[in-house]
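For reference, the structure is listed below as structure tokens.
None of the figures in this text is laboratory data; all of them are computed from the coordinates on show. Small disclaimer: the values here were computed from a predicted structure and weren't measured. Cβ sites come from the backbone with ideal geometry, for glycine too, and all protein chains shown count toward neighbours.
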Amino acid sequence: MARPIRETPVLYGKDARRFEAEMRRVESLSPETRKANRENLRREYEQTCKEWNLTFKV
């Protein structure tokens, strides 16, 4: 049987402000920036696979 999922903790103070700022930053990314980030992440993934000699592909 699966374990129950814990409740999400409530954030206060600096943690709450940092979370809200990060949410605004992420939401404000343009589609071009998101695409560039995605492509950069893909290149880094492929480079890491080569460096670590990983043979599986997702």
Name every residue in segment 1-39 that is more than 15 Å from the chain's Cα centre (by Cα), surrounded by 11 or more Cβ atoms within 10 Å (Cβ to Cβ) and either outside any helix (DSSP H, G or I) or of a type in the set (Lys, Arg) (or both), in order of residue number. Leu11, Arg17, Arg18
With the requirement that a residue be surrounded by 10 or more Cβ atoms within 10 Å (Cβ to Cβ) and in a loop (DSSP other than H, G, I, E, B), what does segment 40-58 give you? Leu54
